[in-house]
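Heads up, the thing below is written out as structure tokens.
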Amino acid sequence: MVQALLAIKYNMDSPLISILIPFKNTASYLAECLDSIIEQSHTNWEVCAVNDHSTDTSEALVKEWAQKDPRIKVVNNTGYGIIPALRKALHISSGQFITRMDSDDVMATEKLKHLLTSLLRHGPGHLALGGVRYFSHRGISDGYARYERWLNDLTAAGNNYSELYKECVIPSPCWMTFREDLIRCDAFDPDRYPEDYDLAFRFYRAGLKCLPCKEILHNWRDYDERTSRNHEHYAQNYFLSIKLHYFLELHHKAARPLTLWGAGAKGKEIAQNLNARNLPFYWLCDNPKKIGKKIYGVPMLHFSEIEKLASPQCIITVANEDAQQEIRTFMEQRDFQSMQDYFFFC
């Protein structure tokens with residue numbers, strides 16, 4: 001019955017998918033990107049490409065493609081940066097389904113069909129995702145390889161939100177939603193960077209359920225000029241800022257004692273932010289050289305002190321993976337629940 005209603009409302013045989021593509025100075029990669037879209041098995045799509053003040057031949061290249069294929073629209077960004085460009089792209093779109101694409105990446109041939117089929121099977125209130133694969137002419141660093149495995153493991157199980165505070169859990173160029181669901185999540189309205197991580201939190205806040213997918217649907221290019229490698233909005237302090245913003249909005253309970261576990265650079269950044277907000281907290285660590293001392297006026301306590309607190313919540317900024325597992329075991333042995341009582345911020 002649900003699928004029958006969706007078929008009537010969304011023209012299940014061939015609904016229109018809007019592909020939002022901000023671009024800036026990616027002339028070297030645009031042809032391969034657009035080729036991969038034109039070769040999609042699902043053919044009822046539109047590209048909403050927005051030129052973000054390119055200084056190379058990117059704009060001319062996309063306009064040339066648009067003359068050959070009326071499904072490709074290209075306009076100039078009236079603002080500056082990826083968020084205004086995404087707003088513009090959404091504004092000129094008309095599809096019932098919305099997805100993003102990076103102008104330097106490559107789609108798997110079945111990407112649109114796979115994401116669309118998943119959404120139509122489950123209906124509104126869901127977020128279709130796909131696996132990603134990094135590629136580069138020089139090979140992929142161990143850090144990117146670990147992120148790829150971590151992200152794909154989450155996506156395969158549909159458990160993306162379970163580690164929401166660690167890193168962006170939604171592959172930014174490999175998701176699809178019903179248009180009304182994206183609008184309900186405030187789309188690209190907030191001026192908050194990184195925009196993909198912010199949107200992941202808003203997908204979670206709106207209750208969109210992640211649909212599991214084990215297929216690799218997107219090829220993610222890595223190269224030196226890539227925005228996430230160079231722009232200040234993708235620096236680690238922005239990630240901590242956005243994590244704390246949504247933790248305080250979505251999970252922090254003012255009546256419960258707040259604790260911070262970890263006194264490295266990230267722990268200190270969070271501590272400074274909590275102090276700036278006049279939010280009291282207990283600061284925990286396992287470094288005997290720091291225990292008993294004060295940092296930013298807050299005494300350092302042995303982590304076992306958390307057991308003396310009534311129903312505490314804990315932000316954990318310890319990055320070492322082995323130490324994280326030890327902390328997780330410590331928490332689980334005391335019946336603390338992840339994403340309720342403790343939150344890994346790295």
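Computed quantities for the displayed model
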quantity: Condition check for PHE239: at pLDDT 95 or above and among the aromatic types (Phe, Trp, Tyr); calculated: no
quantity: Residues (of a type outside the set (A, V, I, L, M, F, W, C), surrounded by 15 or more Cβ atoms within 10 Å (Cβ to Cβ), over 26 Å from the mean Cα position of the chain (by Cα) and modelled with pLDDT of 95 or more) located in segment 260-289; calculated: TYR282
quantity: Residue ranges of helices (runs of 4 or more DSSP H) in segment 159-233 with at least 3 members aromatic (Phe, Trp, Tyr) and either at pLDDT 95 or above or surrounded by fewer than 18 Cβ atoms within 10 Å (Cβ to Cβ) (or both); calculated: 195-205
quantity: Residue match in segment 12-33 (condition: of a type in the set (A, V, I, L, M, F, W, C), out of contact with any Asp or Glu (no Cβ under 7 Å at 6 or more places or on another chain), in a loop (DSSP other than H, G, I, E, B) and in the same structural domain as THR177 (by TED's automatic domain parsing)); calculated: yes
quantity: One residue from ARG334, ARG328 being basic (Lys, Arg), surrounded by 14 or more Cβ atoms within 10 Å (Cβ to Cβ) and outside the structural domain of ARG146 (by TED's automatic domain parsing); calculated: ARG328
quantity: Output for segment 26-62, where each listed residue is surrounded by fewer than 19 Cβ atoms within 10 Å (Cβ to Cβ), under 19 Å from GLY79 (Cα atoms) and hydroxyl-bearing (Ser, Thr, Tyr); calculated: THR55
quantity: Tally, over segment 196-216, of residues that are of a type in the set (A, V, I, L, M) and more than 11 Å from the chain's Cα centre (by Cα); calculated: 4
quantity: Counted residues, segment 301-343 - those being out of contact with any Gly (no Cβ under 8 Å at 6 or more places or on another chain) and over 16 Å from PHE281 (Cα atoms); calculated: 21
quantity: Scope segment 113-158; condition over 16 Å from the mean Cα position of the chain (by Cα) and part of a loop (DSSP other than H, G, I, E, B); matching residues; calculated: GLY123, PRO124, GLY125, SER136, HIS137, ARG138, GLY139, ILE140, SER141
quantity: Pair list, Cβ under 7 Å, 6 or more apart: segment 134-151 residue more than 16 Å from VAL169 (Cβ to Cβ) and in contact (Cβ under 8 Å) with a residue 40 or more places away in the chain, other residue polar (S, T, N, Q) and outside any helix (DSSP H, G or I); calculated: PHE135/ASN219
quantity: Positions within segment 253-268 being touching a residue at least 40 places away in the same chain (Cβ under 8 Å) and over 10 Å from PRO312 (Cα atoms), in sequence order; calculated: LEU260, TRP261, GLY262, GLY264, LYS266, GLY267
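The values are calculated or read from the model by the stated rules, or taken from the named source; none is laboratory data. A quick note: this is a predicted structure, and the numbers were derived from the prediction, not measured. We place every Cβ from the backbone using ideal geometry, glycine too, and count neighbours over all the protein chains shown.
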